[in-house]
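Student: Here it is: the structure, laid out below.
The values are calculated or read from the model by the stated rules, or taken from the named source; none is laboratory data. Here the structure is a predicted model, which means the values were calculated and not measured. Note that we place each Cβ from the backbone using ideal geometry, even for glycine, and neighbour counts take in every protein chain shown.
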Amino acid sequence: MKITEADVVVTSPGRNFVTLRLTTEDGLTGLGDATLNGRELAVVAYLSEHVVPLLIGRDAGRIEDTWQYLYRGAYWRRGPVTMAAIAAVDTALWDIKAKAAGMPLYQLLGGASRTGALAYGHASGRDIPELLDSIRAHLEQGFRAIRVQTGIPGLGTVYGVASSAGDDGRYDYEPARRTALPTVETWDTRAYLRHVPTVFEAVRAEFGPDLPLLHDGHHRMTPIQAAKLGKSLEPYDLFWLEDATPGEDQTALRLIRQHTTTPLAIGEVFNSVHDYTVLLQERLIDYVRSAVTHAGGITALRKVLDLAGVYGIKSGMHGPTDISPVGMAAALHLDLAIHNFGIQEYMPHSLATLEVFRTSYGFKDGLLHPSDSPGLGVELDLDAAARFPYEAAYLPVSRLTDGTVHDW
Ligand code: GCO
Ligand code: MG
């Protein structure tokens, strides 16, 4: 079954998405997500100029061989652009294989290991009362695990706090802004470290000890600061503390681990199993945060998760709205099939996004299910996609109060 067409589709229903659509000689189509928030067109060029010409005429059934051909065959390997492009090809080929088999993809991955994937939602507030309302709203929507982010007294807009309603009236946090230059946010780690424990104290006082609570540090602490935060949050029994330190430095996690029993999650910006080897072999983390979209596809992420499983470490796939519905569906099939599933991040997409991407996955009683439609279960409406042309958007940049550039 040869690949006869490969189209790179860019659409912007409220935010930018890059999708690869492969067509075979028998008319089957497969979709893959290649969205790299704020750097989308780099992946478009990589795919269109360097990958599409290699795909035409290839056997769509040879998924592993195609992965190795694009990875090893490029010589210049790894990196977010390359791995998002390879991920899109890999996901589209799995979609085609599952459609050809007439099965939902999770069946090809070994079948369901559970009835659904526990999802966590994003609650946030500029202050504690607004946060408590947001948690209540998420519980009403059915979420059974909640990420908690708030404003910090003395600082303006900070990571993770929603400030405006989307097209369906929901307040979801969307960091990328359609401005000519990135917006600048001010950051102060000491103010943050003082405030966060008071937030979790208020949340536990209101909602009790049972509700799984998560928090994202978004790469801003030094190892000793992260160790301090992990320790100060121990009384509030977090499900995880995410991205405590910048991701490049795997050995930073050794220091954090020596000081705290707060579970640790990292990896949304990783793109290779080699980013994880120290973390997994030394059991320095509890959850692997990579998404299918940014870690080289289903083929590659499955290998990372199998290695994690050897060390008792679980999945916690990245699932913000910059992962497209195609990337989210791919995650859900993997979540359902693997043994060492932990949790799935889930920020529902806007209505405009769901006009372009017709999804079949469902969310009920806190659990996500990819559906039993053949393949991934997502269709791309090309007419709807064309109604939303690309608009450049940037993620913010962070500066300390004295003006020094900091990790965002
Ligand atoms: C998360 C992430 C996102 C990222 C975003 C950047 O845990 O969901 O940290 O909010 O900031 O994916 O593009
Ligand atoms: Mg994160």
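Student: Could you please tell me which pairs satisfy a Cβ distance under 7 Å, a separation of 6+ or placement on different chains, a first residue in the range 303-327 that is polar (S, T, N, Q), and a second residue that is at pLDDT below 95 and in a strand (DSSP E or B)?
Tutor: Pairs found: none.
Student: Does Ala180 fit the bill of being out of contact with any helix residue (DSSP H, G or I) (no Cβ under 6 Å at 6 or more places or on another chain), more than 16 Å from ligand 2 (Cβ to nearest atom) and assigned to a loop (DSSP other than H, G, I, E, B)? I'd like the intermediate steps shown before the answer.
Tutor: Working: out of contact with any helix residue (DSSP H, G or I) (no Cβ under 6 Å at 6 or more places or on another chain): yes; more than 16 Å from ligand 2 (Cβ to nearest atom): yes; assigned to a loop (DSSP other than H, G, I, E, B): yes.
Spelling it out, Ala180 is indeed out of contact with any helix residue (DSSP H, G or I) (no Cβ under 6 Å at 6 or more places or on another chain), more than 16 Å from ligand 2 (Cβ to nearest atom) and assigned to a loop (DSSP other than H, G, I, E, B).
Student: Could you say which residue among Val269, Val326 is within 21 Å of Thr91 (Cα to Cα), assigned by TED's automatic domain parsing to the domain that holds Ala227 and within 15 Å of ligand 1 (Cβ to nearest atom)? Don't jump to the end; show me each part of the working.
Tutor: Values: Val326 fails: within 15 Å of ligand 1 (Cβ to nearest atom).
Of the residues listed, the single one that is within 21 Å of Thr91 (Cα to Cα), assigned by TED's automatic domain parsing to the domain that holds Ala227 and within 15 Å of ligand 1 (Cβ to nearest atom) is Val269.
Student: Taking only the range 235-252 into account, find how many residues are modelled with pLDDT of 95 or more, within 16 Å of ligand 1 (Cβ to nearest atom) and over 30 Å from Phe207 (Cα atoms).
Tutor: 1
Student: Okay, moving on. Do we have any residue at all in the range 180-197 that's modelled with pLDDT under 95 and either away from ligand 1 (no atom under 16 Å from the Cβ) or farther than 26 Å from Val269 by Cα (or both)?
Tutor: yes
Student: When the range 223-261 is examined, which residues are found to be exposed (fewer than 15 other Cβ atoms within 10 Å of the Cβ) and under 12 Å from Asp407 (Cβ atoms)?
Tutor: Glu248, Asp249
Student: Counting only residues that are at pLDDT 90 or above and under 13 Å from Pro348 (Cα atoms), which one in the range 137-171 is surrounded by the most Cβ atoms within 10 Å (Cβ to Cβ)? Steps first, answer last, please.
Tutor: First, pick out the residues of the range 137-171 that are at pLDDT 90 or above: 137-161.
Checking the rest, the ones that are also under 13 Å from Pro348 (Cα atoms) come to 138, 141-143.
On the way: His138: 19, Gln141: 12, Gly142: 13, Phe143: 23.
Ranking the candidates gives Phe143 first.
This table checks each residue for (1) among the aliphatic types (A, V, I, L, M); (2) touching a strand residue (DSSP E or B) at 6+ places or on another chain (Cβ under 8 Å); (3) buried (at least 17 other Cβ atoms within 10 Å of the Cβ).
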site: Tyr346; (1), (2), (3): no, yes, yes
site: Lys364; (1), (2), (3): no, no, no
site: Leu376; (1), (2), (3): yes, yes, yes
site: Asp383; (1), (2), (3): no, no, no
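Student: Which of the helices (runs of 4 or more DSSP H) contained wholly in the range 22-124 include at least 2 residues that are of a type in the set (Asp, Glu)? Show your work before the answer.
Tutor: Working: elements: 40-45, 52-55, 63-71, 80-101, 105-108.
Filter on the range 22-124 gives 63-71, 80-101.
Student: If you don't mind, another one. Give the range 1-35 a look and list any residue that's over 24 Å from Pro374 (Cβ atoms) and surrounded by fewer than 22 Cβ atoms within 10 Å (Cβ to Cβ), or say none.
Tutor: Hits for the range 1-35 are Val10, Ser12, Pro13, Gly14.
Student: Would a scan of the range 160-171 turn up a residue that is assigned to a loop (DSSP other than H, G, I, E, B) and more than 20 Å from Gly14 (Cβ to Cβ)?
Tutor: Of the range 160-171, the ones assigned to a loop (DSSP other than H, G, I, E, B) are 160-164, 166-170.
From what is left, the residues that are more than 20 Å from Gly14 (Cβ to Cβ) are none.
Checked the range 160-171: no residue is assigned to a loop (DSSP other than H, G, I, E, B) and more than 20 Å from Gly14 (Cβ to Cβ).
Student: Would you confirm whether or not the range 226-242 contains a residue that is away from ligand 2 (no atom under 16 Å from the Cβ) and aliphatic (A, V, I, L, M)?
Tutor: Yes, the conditions are met somewhere in the range 226-242.
Student: So which of Thr299, Thr321 is surrounded by fewer than 24 Cβ atoms within 10 Å (Cβ to Cβ) and closer than 30 Å to Gly30 by Cβ?
Tutor: Thr299
Student: Still on this model: In the list Tyr346, Tyr394, which residue meets the criterion of being within 16 Å of ligand 1 (Cβ to nearest atom), hydroxyl-bearing (Ser, Thr, Tyr) and either without any contact (Cβ under 8 Å) to a residue 60 or more places away in the chain or outside the structural domain of Val288 (by TED's automatic domain parsing) (or both)?
Tutor: Numbers: Tyr346 fails: either without any contact (Cβ under 8 Å) to a residue 60 or more places away in the chain or outside the structural domain of Val288 (by TED's automatic domain parsing) (or both).
One residue alone meets the criteria, Tyr394.
Student: Now a separate question. Is the range 285-296 home to any residue that is under 27 Å from Pro175 (Cα atoms), within 16 Å of ligand 1 (Cβ to nearest atom), touching a residue at least 24 places away in the same chain (Cβ under 8 Å) and acidic (Asp, Glu)? It would help to see each step written out before you state the result.
Tutor: Of the residues in the range 285-296, the ones under 27 Å from Pro175 (Cα atoms) are 285-296.
Narrowing further to those that are within 16 Å of ligand 1 (Cβ to nearest atom): 285-295.
If we keep only those that are touching a residue at least 24 places away in the same chain (Cβ under 8 Å) as well, we get 285-295.
Subsequent filtering for residues that are acidic (Asp, Glu) retains 286.
Checked against the condition, which is being under 27 Å from Pro175 (Cα atoms), within 16 Å of ligand 1 (Cβ to nearest atom), touching a residue at least 24 places away in the same chain (Cβ under 8 Å) and acidic (Asp, Glu), the range 285-296 yields at least one hit.
Student: Would you check which residues across the range 328-366 are of a type in the set (S, T, N, Q) and within 16 Å of ligand 2 (Cβ to nearest atom) and list them? If you could, list the steps in order and put the result at the bottom.
Tutor: Going residue by residue through the range 328-366, those that are of a type in the set (S, T, N, Q) are 340, 344, 350, 353, 359-360.
Within the range 328-366, just Gln344 meets the criteria.
Student: Among the candidates His219, His195, which residue alone is away from ligand 2 (no atom under 16 Å from the Cβ), in the same structural domain as Ile256 (by TED's automatic domain parsing) and surrounded by 15 or more Cβ atoms within 10 Å (Cβ to Cβ)?
Tutor: Working: His219 fails: away from ligand 2 (no atom under 16 Å from the Cβ).
After applying the criteria, what remains is His195.
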